[in-house]
1. Per residue of region 40-46, what does 6.51 cos²θ - 1.76 cosθ + 1.60 with θ = phi - 60° give for ³J(HN,Hα)? Whole Hz please, x for Gly and Pro, Karplus curve as stated.
2. Taking 7 Å along the Cα-to-C-beta vector as the label spot, tell me the N212-K133 distance in nanometres, rounded to one decimal.
3. Please report, in whole Å, how far the alpha carbons of the chain spread along each principal axis, starting with the longest.
4. Keeping all protein chains in place, calculate the accessible area per residue for the chain (probe 1.4 angstrom), answer in Å².
5. Kindly provide the trypsin sites (Lys or Arg not before Pro) of region 343-416 that DSSP labels as loop, not H, G, I, E or B, and whose Cβ sees at most 16 other Cβ atoms within 10 Å.
6. Probe 1.4 Å, all protein chains in place: accessible area of L84 in Å², nearest 10?
7. Provide the FRET efficiency to the nearest 0.05 for the T147-L424 pair, computing r from the beta carbons and using R0 = 35 Å.
8. Might you report the magnitude of the Cβ-based charge dipole of the chain about its Cα centre, with Lys and Arg at +1 and Asp and Glu at -1, to the nearest 20 debye?
Amino acid sequence: MKKRTIISGLVALFLFSGLHAQSKTVIIKSLPAGTDATPYVVKAIKECKATKATKLVFEKGTYHFTPEFAEEKYLFTSNNDEGLKRIVFNLTGMKNFEVDGQGSAFIFDGFISPFLCDKSNNICINNFSVDYKRTFHSEGTIVGAYTDSLDIQISKDYPYIVQNNKITFTGYKIIGKDNAGQPKRVIYPFWHLLEFDAKKREPSPFAGDYLNVQNMIVKELSSDVIRVFYPRLKGTVGNVMVFNASDRINSAITITDSENIYVNNVTIYHAGGMGVVGQRSRNIFLDKFSVEAPKGRMLSLVADATHFIGCGGQISMTNCKFESMMDDATNIHGIYVKIIELLPPNEAVVKLIHYQQFGYDFLLPGTKVEITEAESLIPYQDNMVKNSVRINKEYTRVTFQQAISAKVKVGDVVASTKEYPDVLLKNCTLQKNRARGFLLGSRGKILVEDCYFHTHCAAINLEGDGRFWFEQSGVRDLTIRNNVFDNCNYSFMLGLGVIQVNSGIEESKRPESRYNRNILIENNKFRVFNPCILSMYSVDNMTFKNNTIEKNNDYVLSDWMKNVDLKPFMITNSSNVNIKE
C-alpha cells in the first residue's frame with residue numbers, strides 16, 4: 001500500500017509539473033535536486049507512444065536516475081553479459097522518434113541501463129552526457145612499491161571493505177543485512193588490474209593485465225590505504241592502479257534488431273559495459289560521439305567504446321573521440337557457431353560457445369551461411385537455412401537447403417553471409433585506452449580516413465576465429481588512408497604491429513588460408529618507436545604505398561622486447577603483397 005502511494009505521488013507530480021505535449025513534442029522540465037528522474041522518463045515515453053509524439057526534449061539540466069522505477073527486460077546481447085536489465089529509456093518498437101537532451105547531464109546510480117533500441121526504426125539520440133554516481137570499476141593511487149606487493153590509496157569514490165585478507169568493492173548505500181546480521185551493500189566485483197600513467201593518463205608503457213586477482217592477499221593499513229600482495233606485482237609510485245569490472249552488465253546504448261539509428265553529440269563518461277553495442281541491426285550512424293574519462297578518473301568505459309555484431313547496411317562513425325576505455329574503440333564482426341553433431345544429409349546441431357554469445361539467434365529460415373573449417377577459416381561450402389529449432393540459449397538444430405559437404409566435421413563452424421555493413425570511420429581520435437583501436441571484420445567496403453591513433457596495442461587489428469571468441473571476420477575491401485599513427489602498440493601485449501592480423505588460424509593452415517583480402521594502406525603518417533609497422537599472415541592483395549615513417553625515442557623497448565627480432569614488415573604466408581616505402 002505504501003509503495004503504491006509513493007508511485008502515485010510521483011506520477012501526479014510528473015503529470016502536473018514535469019511534462020507537457022505540444023506539436024508532437026513531449027518536454028521534461030528540470031526537476032528539483034535529488035529527484036529520481038526515472039519515473040518521469042518512463043511516463044514520458046509511454047506518453048510519446050500514446051500520442052504518437054516524435055520528440056522527447058529535456059530542459060537543459062542535470063538528471064539523476066535510479067533503478068527503482070525503471071522497466072525490466074531480459075536481454076541477450078552478444079559480447080556482453082545476459083540478464084534481466086533495468087532500463088530507463090526503453091525505446092522498444094518505436095519509430096521516427098528523437099530524444100534531445102539539449103546538453104543535459106544524465107547521472108545513473110546503480111545497476112541500470114540507460115538506452116535500449118529493440119525493433120526500433122529511425123531513432124535519433126542527441127545532445128547529452130552519461131555518467132554514473134558510482135563507477136563499475138575502482139581506482140587507487142600507488143603510494144608504495146615493493147617486491148610482489150604495492151600500497152594503494154583508495155579514494156572515497158570507491159568504497160570497499162577488507163575482510164579475511166580479501167577486498168570487496170561496494171556501493172555507497174546499505175541495502176539490508178546479510179545472514180550474519182551485518183550491513184549489506186551492493187557489490188562491484190573486479191577481475192583484473194592494470195596500471196595507468198598518472199601524468200599521461202594512459203596505460204603505463206609495457207604494462208600488462210594482472211588476471212584472476214580475486215584471490216590476491218590484501219591488508220588494510222589505514223582507512224584508505226591497502227597493501228596488495230600478488231606474484232610479480234609491480235607499479236610506479238604516483239601512478240594509478242585500475243581494478244576493472246568483472247562483468248559487462250549495463251552498456252550505455254544497446255541497439256538490437258533495429259534500423260536507422262543516429263547517435264549525435266553524446267558523451268559517455270562511464271557505463272557498466274560498452275558505450276554503443278549494436279547487433280543484427282542496419283544503418284547505425286555516430287557523429288560527434290565521445291567516450292572519455294572525466295577529470296579525476298583514469299578510466300571511462302570498462303569495455304569497448306562501440307561494438308557491432310551481425311549488422312548490415314552502413315555503420316558510420318565520424319568526428320568521434322574514443323579515449324580511456326579498458327578495451328577497443330570498435331569491434332565489427334559476425335558470429336560463428338560450432339557444429340556439435342552432424343545429422344546427414346542436411347541437418348546439424350550447433351552450439352554458441354562463448355558464454356557472452358548465448359541467446360544470439362541468427363540462423364533463421366532463408367539465411368545464407370558458410371560452413372567453415374575452424375582451423376583454417378576456409379569455407380567448405382555456401383548453404384542456406386531451411387529451418388531451425390532453438391533447443392535453448394546455447395543449442396540450435398538446423399536444417400539446410402542442401403546436403404552438407406562430406407568434408408565437414410564435428411568442430412567446424414557456421415556463420416551467416418546474409419549481409420555485411422559498409423563501414424566509414426572518419427576524423428576520429430583514439431587514445432589513452434587499453435588494447436586496440438579498430439577491430440575490423442566486416443566483408444563490406446571499409447574506409448578508415450583522417451583518424452588519429454595513439455593506442456596501447458595495435459591501432460588496427462584484423463581478427464576472427466572459430467575456436468575461442470568465435471567471431472566471424474575476414475575483410476574483403478579495406479582502405480586505410482590519411483591517418484596519423486602516433487607511437488601505437490606501446491605495450492606489445494596483444495601482438496607486435498601497429499596494423500596487424502591476429503586471426504585464430506592454425507599455424508600449419510596459414511600457408512593455404514587467405515582470410516583477409518584486398519587491403520590498401522596509403523598516405524598515412526607513422527610516428528614509431530616500435531619498428532614493426534605491419535604484422536600479418538594469410539593475407540591476399542595488400543598494398544602499402546605513399547606512407548611516411550618517422551622514427552623516435554619517445555618510448556624505450558622493454559628488455560624482453562629487445563630480444564625479439566622486430567622488422568618494419570613482418571608478413572608471412574601471404575600473396576600479392578606490394579610494399580612501397
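1. For region 40-46, the Karplus-derived couplings read 5, 5, 4, 5, 5, 5, 4 Hz, x marking Gly and Pro.
2. 3.7
3. 71, 62, 48
4. Numbers: 23720 Å² over 581 residues.
With the other protein chains kept in place, the chain gives 41 Å² per residue.
5. Numbers: sites: K351, K368, K386, R390, K393, R397, K407, K409; in loops: K393, K407, K409.
Filter output for region 343-416: K393, K407, K409.
6. Counting only protein heavy atoms, the figure is 110 Å².
7. Working: r = 50 Å, r/R0 = 1.43.
The calculated FRET efficiency here is 0.10.
8. Working: 68 positive and 61 negative charges, 264 e Å.
With only Lys, Arg, Asp and Glu charged at Cβ, the dipole is about 1260 debye.
The values are calculated or read from the model by the stated rules, or taken from the named source; none is laboratory data. Fair warning: this is a prediction, and the values are worked out from it, not measured in the lab. Here Cβ is always computed from backbone atoms with ideal geometry, including for glycine, and neighbour counts include all displayed protein chains. When the accessible area is computed, the model is the full protein with side chains, heavy atoms only, and any ligands, DNA or RNA have been set aside. Shrake-Rupley method; radii C 1.70, N 1.55, O 1.52, S 1.80 Å.
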